[in-house]
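This report refers to the structure that appears directly beneath it.
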Amino acid sequence: MKPIFIGITLFFSLVQGDAETTFLLIINHLNRNNIKTSYFFSCWDKNETMRLMQMLNNRNIKFDFVEKKENAIIQALNEKSMTRYGYILDIRCKTFKNFLSEKISTINMRLSHPWLIISSELKAFVLKNVNLRMDSNVKFAIPEGEFSFNIFDVYNPGHQLGESPVVTKFGVWNGSHLNIQQTRTFYLQRRHMSYIKLRSGSVVLIGSHSGTFEEYMFDSRFKQLDTMSKFHYPMFLLLEDVHNFTHTLKIEDKWFGNYQNGTDSGVGKLLYENEIDITCTGASQRPPRVDVYDYLMPSYHFRPCYIFRNPGTYNPLENQFLKPFTDTVWYVTVVTTVLVCLFMKIFHRLENKFVGIKADYSWATAMLITYSIIVQQDSYLFPTGLAGRISFFVLQVLSILLYNYYTSSIISSLLSKPPEAFHTLDELGHSKLEIGIENLPYTITWFEIMNDSDVQYIYKNKVFPPNAKKMNIYEPEEGIAKVKQGGFAYHTQLDTGYPIIARTFNQEQICDITEIPMIPQVGAGIMLQKISQYKEVFHITLRKAKEVGLVHRISQIWESKKPECLSSIRVVAVGSDQTFIAFLMLFIGMALSLVFLVIEIAWSRFNLDAKITKNKKFKC
């Protein structure tokens, strides 16, 4: 009996040693992938399970041992939260022996959810029905001896095309330590896709172009046409060159439909209904679309705006001629002028009384002399006394200094500073400008879905007035030509409008150009199907391309810059709005002079009549 007892004890010790080795491998796998929550599909006995649970608790790893029940398994596999989950599957158990073929194909085995599958062997039939992806993070652990495992990395870049999984040896677990043998990074290992043919889609709005699709995409002579597609097509070809895949192409005449997420038409519908894998054009990244599409690195600036020549917003009642000085300077100037006038009068009175100079004059004359000097009109009277001359000289110096600063400021402000432009849709909508739009799907859709009061006011009163039979839609050449004439705002893509403006506007007109966005300016990028298996590697490729300047080079070719305003040769005409106050003061002065003339005539006649009456009484 003793040999039998020793054999049984040795057997159980080997089993416990094997379980301990497996548990340490599981802990290493979870820690290496930074997993804090895990699901287990296993059939270990109660003691082994308690031992593993204790090890997980000691490392603050949450866990759930999934029962062999349909609802429990589906819930675990279709976990929707943003937490990174790890999955541990032991297919050596009879309970989960057929689990791979039955259940695993119903979920997405993504990079963010690592899998460790423990199996007694790794053969083709084990992986036959597994929906492995290109970005799968799946490791197979195959026992090698009593206390070690061979770890294999498994992925499939073309499961939908019937391709076989790619199996590479990742490392060896010796019971306490993982010796990693795979030296290539995730990106370098999975970059090559020479046997993959992707289904792509693009958008072309100009159907009358000559030549093939590729010739049109690289025709930079008319880069204002289909700019977004032309910008992203070289980036798509860059992906094709780096990853060595091939592609088929479907062409649509729009990006999205009328739904907010755009799934009812265009390339958006093709992606949503799994007719294409990727777009070789870009699309703006908006919140409703993020739920149904994946985007690669945004690299294109989607810039639709209202373009118009700045008509100016001067307030005729605003006194432009008081702006050169602050209120304090004006107050000090008035006080100083009054004091100088007072001193000149006092000096002349004292000189006349004590020095004997016969040059006294009235308060009105003193005020007129002071005011005339301040406004650079000089005086027909000149003091003869020394004190009067000193005050007269000081007044002239003050006048010259004030005049120098005043004229420099007001001339520069009137001739160099353009009038204040509109800044909001509300100001644009209530202005006298006519408004037209380019016939673009996203613009019309924006009017339909946007409840903003300013947007709806422009649409109902400017773009599609009540008495109009159709919307004010113009082709870019015609719309920009109306902008050039003035009094017109045109909504288009800046990459469409800028080349026409640079070609047809003169410098004065270019300097007048102003933009007001209606649709928020967001980034645009190449789209993929939601939770696409190619997103991770393509995103890394585009990031690398941006680091070395390839994306910047593409933007330099296809993105149009605003034509430069050479302000040194620009002359801004001073209009009646700016000079209104000056002429108003002139007319007020003329009116006052007429009023005082009438008063003087009436007063003179009154005095004359009184004198005649007095003389008659005296004669009598």
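The values are calculated or read from the model by the stated rules, or taken from the named source; none is laboratory data. Quantities reported herein were computed from a predicted structural model and do not represent experimental measurements. With ideal geometry, Cβ positions are generated from the backbone for all residues, glycine too; neighbour counts draw on all protein chains shown. Just the protein is used for accessible areas: all its heavy atoms, side chains included, with ligands, DNA and RNA removed. Shrake-Rupley method; radii C 1.70, N 1.55, O 1.52, S 1.80 Å.
Here are some notes:
- Summed over segment 149-163, residues that are under 17 Å from Ile117 (Cβ atoms), out of contact with any His (no Cβ under 9 Å at 6 or more places or on another chain) and not in a helix (DSSP H, G or I) total 7.
- Residue, farthest from Tyr534 (Cα to Cα), within segment 192-212, restricted to residues that are under 32 Å from the mean Cα position of the chain (by Cα) and modelled with pLDDT of 90 or more: Val204
- Residue ID - nearest to the chain's Cα centre (by Cα), chosen from residues in segment 306-330 that are outside any helix (DSSP H, G or I) and at pLDDT 75 or above: Tyr306
- Any chance Thr333 is open to solvent by less than 40 Å² (accessible area, probe 1.4 Å), at pLDDT 80 or above, within 27 Å of Thr407 (Cα to Cα) and of a type outside the set (Gly, Ala, Ser): yes
- Complete set of residues in segment 300-311 that are open to solvent by 20 Å² or more (accessible area, probe 1.4 Å) and touching a Gly at 6+ places or on another chain (Cβ under 9 Å): His301, Arg309, Pro311
- Among residues of segment 143-198 being open to solvent by 40 Å² or more (accessible area, probe 1.4 Å) and of a type in the set (D, E, K, R), the one that is farthest from Thr279 (Cα to Cα) is Glu146.
- Of residues in segment 405-443 being closer than 30 Å to Asn261 by Cα and part of a helix (DSSP H, G or I), the one modelled with the lowest pLDDT: Pro441
- Screening segment 1-109 for helices (runs of 4 or more DSSP H) wholly inside it with 3 or more residues that are under 24 Å from Ser136 (Cα atoms) and at pLDDT below 80 returns the ranges 70-77, 99-102.
- Selected residue (criterion: nearest to Leu428 (Cα to Cα)) from residues of segment 451-505 that are of a type in the set (Gly, Ala, Ser), out of contact with any helix residue (DSSP H, G or I) (no Cβ under 7 Å at 6 or more places or on another chain) and touching a residue at least 60 places away in the same chain (Cβ under 8 Å): Gly487
- Scanning segment 489-544 for residues that are among the polar types (S, T, N, Q) and assigned to a helix (DSSP H, G or I) gives Thr496, Thr504, Gln507, Gln509, Thr541.
- Evaluated against (1) open to solvent by 60 Å² or more (accessible area, probe 1.4 Å); (2) of a type outside the set (S, T, N, Q); (3) over 30 Å from Pro287 (Cα atoms); (4) part of a helix (DSSP H, G or I), Lys460 falls short on exactly one condition, (3).
- Residue in segment 228-245 that is open to solvent by 50 Å² or more (accessible area, probe 1.4 Å) and in contact (Cβ under 8 Å) with a residue 12 or more places away in the chain present: yes
- Within segment 430-457, being more than 26 Å from Val204 (Cα to Cα), in contact with a strand residue (DSSP E or B) (Cβ under 7 Å, 6 or more places away or on another chain) and open to solvent by 40 Å² or more (accessible area, probe 1.4 Å) holds for one residue alone: Glu434.
- Only a single criterion out of (1) outside any loop (DSSP other than H, G, I, E, B); (2) among the aromatic types (Phe, Trp, Tyr); (3) more than 22 Å from Arg503 (Cα to Cα) is not satisfied by Tyr216, namely (3).
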